[in-house]
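K.L.:
Mind having a look at this structure? Questions to follow.
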2 protein chains.
Amino acid sequence: MKVSDYIADFIARQGVKKIFMLSGSGSVYLDDSIAGKNLDFICVRNEATAPMMAESYARLTGKLGVACITSGPGGTNAVSGLSEAWVDSAPVLVISGQVDKKHTCHKANIKNLRSLGIQEIDIIPIVNSLTKYAQMVEDPDSIRYHLEKAVYLAKSGRPGPVWLDIPLDVQSSIIDEKMLEGWNPEASEKDLDKNKLKEAVMLLAESKRPLIIAGQGIRIAKSLDEFKNLIEKLKIPVILSRLGQDMLPFSYRYNLGHGGMKGLRYTKLIMSKSDLILSLGSRLAVPFVSDALSESAKIIMVDIDEAELKKPSIRVDLQINSDVKEFIEGLLKEDVKVDASDWLKDCQGYKESYPLAGPARNPIDLYYFVSRLDALSKENSVFVSDAGSSYYVTGQALRFEKGQREITSGAFASMGLAIPLAIGSASADPSRQILAITGDGSLELNIQELKTMSSCGLDIKLFVINNGGYVSIRNTQDALCGGRHVGSGQAEGLNFKKIADAFELPYESIQNYEEVDGKITEILNKKGPVFIEVVSDNCQKIIEPIKQI
Amino acid sequence: MKVSDYIADFIARQGVKKIFMLSGSGSVYLDDSIAGKNLDFICVRNEATAPMMAESYARLTGKLGVACITSGPGGTNAVSGLSEAWVDSAPVLVISGQVDKKHTCHKANIKNLRSLGIQEIDIIPIVNSLTKYAQMVEDPDSIRYHLEKAVYLAKSGRPGPVWLDIPLDVQSSIIDEKMLEGWNPEASEKDLDKNKLKEAVMLLAESKRPLIIAGQGIRIAKSLDEFKNLIEKLKIPVILSRLGQDMLPFSYRYNLGHGGMKGLRYTKLIMSKSDLILSLGSRLAVPFVSDALSESAKIIMVDIDEAELKKPSIRVDLQINSDVKEFIEGLLKEDVKVDASDWLKDCQGYKESYPLAGPARNPIDLYYFVSRLDALSKENSVFVSDAGSSYYVTGQALRFEKGQREITSGAFASMGLAIPLAIGSASADPSRQILAITGDGSLELNIQELKTMSSCGLDIKLFVINNGGYVSIRNTQDALCGGRHVGSGQAEGLNFKKIADAFELPYESIQNYEEVDGKITEILNKKGPVFIEVVSDNCQKIIEPIKQI
Ligand SMILES: Cc1ncc(C[n+]2csc(CCOP(=O)(O)OP(=O)(O)O)c2C)c(N)n1
Ligand SMILES: Cc1ncc(C[n+]2csc(CCOP(=O)(O)OP(=O)(O)O)c2C)c(N)n1
C-alpha cells in the first residue's frame, strides 16, 4: 500500500473525522489519500489557520486534531497556529508535504543552506521548539513508527503538537503494511509520590483558608468527575483559570469563577487572603498569579509538566509532578481533615457582593452584551473569543450554566483566532451552536476564513464588536505613552455589512442595548452562519480585580 | 535617552523611510518611538505581511527593510514573511517586542517551558534557522552593538533577515547614548582567489558554447553596470534566473530571457547545448537547472554564499566563493580569448524561432493578457506576481524594456505575496506604478491587506486572475493523481466585485480579450489603487521548456 494511504488510514483509526488542509504539489499524494480514504476535510484559505482549527477540534472532541499542508511556505504559514497548540496544550498532528528526499536541505545537511528543492525549506528546526516531536520521515518503512510515536507524544503527558514532514518520494512509496515496525512507549510513567500526597493532606489540615486553583489540565486528564467529587469532599472554594473556566457552572457554590490579572473583581482579593493554594492542572501562569498571592501562603502545585513546576515566576512549596487524575484519585482516598466552612462563607460573600454589572446603556457596554448573550445562549453552545476587549469580557461575564464550553486562545490571547477556532469547533460537534465573539481589529487577521465559514454552512454566529479599532491598545498607550495612539486608531474601519456580503454571510447588526435581547434571540434561532456587527463603546474599560477592599 | 528612541533613531539613520508594523502592548514603547521619531509607518493587518512588505521595500530601495511587531503571536505570525526574506536574500530587520526580561522563557532557560510571561514565547529558537542573526537584547547598553551587528549582517555577503527581540524593560530603559559600545565587522572579507580567476579565463578560452547564467546576486552586489560591460566584452549569451529577469531588457541581443523549469521554451535547449556555464550571482537552484545541463559541460559558479556552492544538486567544476562584483571587475581586467559569435547566432536564432505566443481568444489566455499588460505598462513600473499560473506566465511573458522591475517570491512562489509585496513596493518608490497580478486562490491568503492598500491610497493596480480556483494544483493532480481534484475545486469562488467594494477599492473587470487593451490603458491612467478582475481560462496550461527539438 502507498505510504500516503497508510497515513490516511492511520488518522482515520484515531477516530479523527475532519482534517484541515490546504492543497499543494508538495502534499499531492497526501491530499489525494485523505480524500480517497473518505476522511472528511475542510480546506482553509491560509495554512496559518489549519492548526488552529485542528486545535479546537481536538479540544472539543478529546481526540487528535490533524492539519495537512504543503512544503515551504505551507509549513511556515502554519507556524502561528502551531504555536497556539503548543502553548495551550492541544494534541495536534501537522503533516507537511516535502520535496523528494534528495532535494531537501534536511538531507543535504549543509550549514545555512537556505532552500534546495522547489518550494523547499527545512521546516524541522523551525518547529522543533514548538512541538513534542518533529521529524522528517526518510524511510517509508518507518512511517508506522513515526506516526505511533508522534500521536502518543501529542496526547500523553501534557499534550502538544507534533509534526511529520513527508517527502514526495516517501508519500508515494509502496510499503508492506504488515512488515512495519511499530512504536511502544516506555513503561515508566510518572507515578504519584505517596509521600507528597501525605504532605498535601497535612498542609490541607493545617490550612485555614485553602483555595483550589483549577485549570484545563483537569479536563485534559479526563478527571472532571473526580475533581467534582473532590470539591464536594473537601468543601474548599475553587478559582478557575481561563482555559478551565468552563469546567464548573458559575452558580455552583464552591466555584468563585475565573481569576487572574483580568479575572473577576474579587478573585485576586481571595487569592491574596488564602493561606494554601492547591493548584490542579493549572500552570499558575504569570498573568494569572501576578502579585496576587500572599508571601506566607503555602503553594501545592500538581502538574504533569515538570517545566511548569520549576519556572522562576512562582515559588512552589510542594511540587507534585504527576498526572492530576492520579493525584485527585489519591486524595479522594485519603482522610483529609480540612474545615474551611467559615472561609468558604467569606468567599461566597465576596462573590455575592461583587456581582458583574454590565450597565444597560448606549453605546452598548460589552459586559452587558456578553452577559445577555450568555443568558440567552442555548445548552451546550461553544463560546469562542478573540483578542482584546472581547477576550477579557468573556473571561469575566460567561457563566457556563448550561453545559457550554469555551474555546479560546489561552496563553497568547492572539488576534485572529475566533474564526478558525469557531470553524474547528463547529466541525467537531455539529450539534453545538458556536457563539464566536471577535473585535473589529482581530477579525481582520484571518478574515479570509469567513468564506470557509459560509461555504461550509456551519452553525457559527460571529459577533463582531465594532468599537473603532484596537481599544485595548489605546488603553495601554493611554497608560504608558501619554495617550499617544500609534497604530491603534479609529480611522480605518471596515464596512461590515459589505464584508459579510462579500463573503456570502447573512448580516445582522445590533446598534443599541434596547435591541440586544430581541436580536440575539432571533439570531440564535437562525440556521447556519450569521455575521453580526455589534456597535459598542469605543472606550470600553475592562474591570480590574482588586487586591484590597 | 530611551532605548526605544535610540532604536528608532538608528533605523532613521539607515535611510529607512517606512516601517511595517502592527501595534501591541509588548511593543508599546517601540511603536511609540517609531511614531515619535517621525518615521513613517504602515500598519499591517496580520504580522505575517510585515516582513513581506519590508522585503519588497528593501529590494526596491537597496536599503534595509524593517518590521516591528509585538511579542508571542506577533512574532510567530511573522515567521512566514521572514522565511521569504531568508530564501530570497532580502536584508530585513524584524524587531519584536517582548515581555519584561524576568518573565521570558529565554532567561528562565528551562527545557520545554512553553510560555512564561503574558503573551510570551521564546521567538529566538523559532527564527534562528531563518536569520543571519537573532538575539534577545538583554542589556540596554548593548543595543548599539546588536543593532550595528544585525544590520551589518543583514546587508553584507548574501543578505538576509535578522531579528532582535526587545523586552519591555529594555525598551523603556534610559541609556547614555555616548557610552554605548559599537560593533565592527572583522576585516577579513572573502577575497577573490586570483588563481581561480585565471582558471575561469582559461575555461572561457576553451569553450565553444559559453553561457552566462545571471541572478539577482548581481543586482544585490550593485554590479549591474559592470555586468553589462562584461557581456559587451565577452559577447556571450545570457540566461536570467527569476529574480534576475528584470536586469536586462528582453530585446537586448545577448539576453535570452528567463530560464529554468518554467522558463522560456528554448532556454533549456540552449542550456543543454552549452559547454560552459558561467553562473554569476545565481544559486543555480534545482527548479532552475533541473535536468537541463549537459553532463560534459563545465560549470563555473561565482557565489558569495559558500553553502550554495557545496549543495549536492549541482556539480560545480570551478567554485568561486567571492563577491560577484569583485569577480566581474577582475574578469573585466583580464584578456579573455573567447569567440562565441556562431553560438550566439544559434542562440539568437532559437530566441527568434520560439516567440511567445499568447493567442487572442476567449476565454482570455493568460499569456495574451500578461503580454498586453507588459506592452502597455508605463516606464519604471514594478510587476508583482503571486503563486500559480500568474507566477509562471509573468516569468515568461514580461519583457522589461522600459526600466521595469519585478518583485516576486523567488524560491517559494508562495501564495498570498502579491498584495504585501505590492504595498511594500509602492511605499518604497511612489513614483513607480505597481502592477500586481494574483490568482483567485492566492488572493485569499492575505486578503486583509486589501484594506491597507485602499487606506494608504497607493498606486497599485491589482489584477486578479479569476480562473476558478487553483488551476496549477488541478494540473498537478491531473498529472499525478488520475485527475482527482482535491481541495482545488472551482466551487467556492469569491464575488470579486463585492470583495473590492467591501475593502473600498474601485473595481474593474476584464471579461474578454477584445477589451483587454482598452481596459488596461484606462486603468493604468487612473490614480490610486484599483482592483481588476480578469476572467480567464479555467484550464490555462503553462508552456514547458523543451530540451530537444
Ligand atoms: C497576533 C496579535 N498581534 C497583536 C496583538 C496585540 N493586541 C492585543 S489586543 C489588540 C487589539 C485588538 O483589537 P480588537 O480585536 O478590535 O479588540 P478591542 O481591543 O478593540 O476590543 C492588539 C493589537 C495580539 N494580541 N495578537
Ligand atoms: C502558501 C502556499 N500554499 C500552497 C501553495 C501550493 N500552490 C501552488 S499554486 C497553488 C494554487 C494557486 O491558485 P491561484 O492563485 O488561483 O492560481 P492558479 O493556479 O489558479 O492560476 C497552490 C495551492 C503555495 N504555492 N503557497
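The values are calculated or read from the model by the stated rules, or taken from the named source; none is laboratory data. As the structure is a prediction and not an experimental result, all values here were calculated from the model. For neighbour counting, all protein chains shown are included, and Cβ atoms are generated from backbone atoms with ideal geometry for every residue, glycine included. SASA here: full protein model, heavy atoms, side chains in, ligands and nucleic acids out. Shrake-Rupley method; radii C 1.70, N 1.55, O 1.52, S 1.80 Å.
K.L.:
Please work out if B:Pro125 is within 14 Å of chain A (Cβ to nearest Cβ), touching a helix residue (DSSP H, G or I) at 6+ places or on another chain (Cβ under 7 Å) and open to solvent by less than 30 Å² (accessible area, probe 1.4 Å).
P.N.:
no
K.L.:
What are the pairs with Cβ atoms under 6 angstrom where one residue, in the stretch A:397-421, is more than 12 Å from chain B (Cβ to nearest Cβ) and touching a residue at least 24 places away in the same chain (Cβ under 8 Å) and the other, located anywhere, is among the polar types (S, T, N, Q) and within 14 Å of ligand 1 (Cβ to nearest atom)? Sequence gap at least six, or different chains.
P.N.:
Close Cβ pairs (under 6 Å, with a partner that is among the polar types (S, T, N, Q) and within 14 Å of ligand 1 (Cβ to nearest atom)) amount to A:Thr408/A:Ser385; A:Ala418/A:Thr438; A:Pro420/A:Thr49; A:Pro420/A:Asn446.
K.L.:
Scan (1) open to solvent by less than 10 Å² (accessible area, probe 1.4 Å); (2) of a type outside the set (Val, Ile, Thr); (3) more than 7 Å from chain A (Cβ to nearest Cβ) for the single condition B:Gly117 breaks and write down its number.
P.N.:
(3)
K.L.:
Another question, then. Tell me the helices (runs of 4 or more DSSP H) entirely within the stretch A:461-549 that contain at least 3 residues that are facing another protein chain (nearest Cβ under 8 Å) and at pLDDT below 95.
P.N.:
Result: A:471-480.
K.L.:
For the stretch A:369-378, indicate whether the set of residues that are open to solvent by less than 50 Å² (accessible area, probe 1.4 Å) and of a type in the set (Asp, Glu) is non-empty.
P.N.:
yes
K.L.:
When only residues in the stretch B:63-93 that are over 28 Å from A:Ile118 (Cα atoms) and hydroxyl-bearing (Ser, Thr, Tyr) count, which is nearest to ligand 1 (Cβ to nearest atom)?
P.N.:
In this case the residue turns out to be B:Thr70.
K.L.:
Continuing with the same structure: Test each condition in (1) more than 14 Å from chain B (Cβ to nearest Cβ); (2) closer than 23 Å to A:Ser381 by Cβ; (3) assigned to a helix (DSSP H, G or I) for A:Pro249 and report the one that comes out false.
P.N.:
(3)
K.L.:
Now for a different question. Yes or no: A:Leu421 in a helix (DSSP H, G or I) and away from ligand 1 (no atom under 12 Å from the Cβ)?
P.N.:
yes
K.L.:
Out of the residues in the stretch A:431-457 meeting the condition of being aliphatic (A, V, I, L, M) and closer than 20 Å to B:Gly416 by Cβ, tell me which one is surrounded by the most Cβ atoms within 10 Å (Cβ to Cβ).
P.N.:
Restricting to residues being aliphatic (A, V, I, L, M) and closer than 20 Å to B:Gly416 by Cβ, the top hit is A:Leu445.
K.L.:
Please state which one of B:Asp317, B:Asp323, B:Asp303 is in contact (Cβ under 8 Å) with a residue 40 or more places away in the chain, more than 14 Å from chain A (Cβ to nearest Cβ) and within 23 Å of the chain's Cα centre (by Cα).
P.N.:
Selected residue: B:Asp323, the only one of B:Asp317, B:Asp323, B:Asp303 that is in contact (Cβ under 8 Å) with a residue 40 or more places away in the chain, more than 14 Å from chain A (Cβ to nearest Cβ) and within 23 Å of the chain's Cα centre (by Cα).
K.L.:
Which one of A:Ile304, A:Ile277, A:Ile300, A:Ile270 is open to solvent by 10 Å² or more (accessible area, probe 1.4 Å), at pLDDT 95 or above and closer than 21 Å to A:Met247 by Cα?
P.N.:
A:Ile304 is the lone residue from the list that is open to solvent by 10 Å² or more (accessible area, probe 1.4 Å), at pLDDT 95 or above and closer than 21 Å to A:Met247 by Cα.
K.L.:
I would also like to ask the following. Out of all the residues in the stretch B:371-405, which are within 12 Å of ligand 2 (Cβ to nearest atom), outside any strand (DSSP E or B) and out of contact with any Lys or Arg (no Cβ under 6 Å at 6 or more places or on another chain)?
P.N.:
B:Asp386, B:Ala387, B:Gly388, B:Ser389, B:Ser390, B:Tyr391, B:Val393, B:Thr394
K.L.:
Then there's this: Go through the stretch B:41-75 and count every residue that is open to solvent by 10 Å² or more (accessible area, probe 1.4 Å), among the hydrophobic types (A, V, I, L, M, F, W, C) and farther than 26 Å from B:Leu243 by Cα.
P.N.:
The total comes to 2.
K.L.:
A further question follows. Among the residues of the stretch B:239-255, is there at least one that is surrounded by fewer than 20 Cβ atoms within 10 Å (Cβ to Cβ), under 25 Å from B:Asp335 (Cα atoms) and touching a residue at least 40 places away in the same chain (Cβ under 8 Å)?
P.N.:
Yes; the residues of the stretch B:239-255 include at least one that is surrounded by fewer than 20 Cβ atoms within 10 Å (Cβ to Cβ), under 25 Å from B:Asp335 (Cα atoms) and touching a residue at least 40 places away in the same chain (Cβ under 8 Å).
K.L.:
While we're on this one: Can you name every residue in the stretch A:208-230 that is open to solvent by less than 10 Å² (accessible area, probe 1.4 Å) and not in a helix (DSSP H, G or I)?
P.N.:
A:Pro210, A:Leu211, A:Ile212, A:Ile213, A:Ala214, A:Gly215, A:Ser223
K.L.:
Could you list, in sequence order, the residues of the stretch A:474-513 that are open to solvent by 60 Å² or more (accessible area, probe 1.4 Å) and among the aliphatic types (A, V, I, L, M)?
P.N.:
A:Ala479, A:Leu480, A:Ala491
K.L.:
In addition: May I ask you to verify whether B:Pro287 is in contact (Cβ under 8 Å) with a residue 24 or more places away in the chain, out of contact with any strand residue (DSSP E or B) (no Cβ under 7 Å at 6 or more places or on another chain) and within 14 Å of chain A (Cβ to nearest Cβ)?
P.N.:
Spelling it out, B:Pro287 is indeed in contact (Cβ under 8 Å) with a residue 24 or more places away in the chain, out of contact with any strand residue (DSSP E or B) (no Cβ under 7 Å at 6 or more places or on another chain) and within 14 Å of chain A (Cβ to nearest Cβ).
Results for (1) over 17 Å from A:Ser241 (Cα atoms); (2) in the same structural domain as A:Leu243 (by TED's automatic domain parsing); (3) open to solvent by 10 Å² or more (accessible area, probe 1.4 Å), shown as yes or no for each residue.
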{"site": "A:Glu308", "(1), (2), (3)": "no, yes, no"}
{"site": "A:Ile314", "(1), (2), (3)": "no, yes, yes"}
{"site": "A:Asn321", "(1), (2), (3)": "yes, yes, yes"}
{"site": "A:Leu332", "(1), (2), (3)": "yes, yes, yes"}
{"site": "A:Asp342", "(1), (2), (3)": "yes, yes, yes"}
{"site": "A:Pro359", "(1), (2), (3)": "yes, no, yes"}
{"site": "A:Ser381", "(1), (2), (3)": "yes, no, no"}
{"site": "A:Arg399", "(1), (2), (3)": "no, no, yes"}
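K.L.:
Working carefully through the options B:Val471, B:Val486, find the one that is over 28 Å from the mean Cα position of the chain (by Cα) and of a type in the set (A, V, I, L, M).
P.N.:
Just a single option satisfies the conditions, and that option is B:Val486.
K.L.:
From the list A:Val464, A:Val471, A:Val535, A:Val516, exactly one residue is over 30 Å from A:Pro430 (Cα atoms) and buried (at least 18 other Cβ atoms within 10 Å of the Cβ). Which is it?
P.N.:
A:Val471
K.L.:
Could you check, for the stretch B:29-37, whether at least one of its residues is more than 8 Å from every other protein chain (Cβ to nearest Cβ) and either open to solvent by 10 Å² or more (accessible area, probe 1.4 Å) or farther than 27 Å from A:Ser389 by Cα (or both)?
P.N.:
For the stretch B:29-37, residues more than 8 Å from every other protein chain (Cβ to nearest Cβ) and either open to solvent by 10 Å² or more (accessible area, probe 1.4 Å) or farther than 27 Å from A:Ser389 by Cα (or both): present.
K.L.:
Of all the residues that make up the stretch A:412-426, how many are among the small types (Gly, Ala, Ser) and either open to solvent by 10 Å² or more (accessible area, probe 1.4 Å) or within 16 Å of ligand 2 (Cβ to nearest atom) (or both)?
P.N.:
Summing the residues that are among the small types (Gly, Ala, Ser) and either open to solvent by 10 Å² or more (accessible area, probe 1.4 Å) or within 16 Å of ligand 2 (Cβ to nearest atom) (or both) in the stretch A:412-426 gives 1.
K.L.:
Ok, one more. Tally the residues that are within 32 Å of the chain's Cα centre (by Cα), open to solvent by 10 Å² or more (accessible area, probe 1.4 Å) and not aromatic (Phe, Trp, Tyr), restricting the search to the stretch B:139-150.
P.N.:
5
K.L.:
Can you say whether B:Ser96 is within 16 Å of ligand 1 (Cβ to nearest atom), open to solvent by less than 10 Å² (accessible area, probe 1.4 Å), in contact (Cβ under 8 Å) with a residue 60 or more places away in the chain and hydroxyl-bearing (Ser, Thr, Tyr), as far as the supplied structure shows?
P.N.:
In short, yes.
K.L.:
Then there is this: Which residues, taken from the stretch A:37-74, are more than 20 Å from A:Ile7 (Cα to Cα), of a type in the set (S, T, N, Q) and outside any helix (DSSP H, G or I)?
P.N.:
Hit for the stretch A:37-74 is A:Asn46, nothing else.
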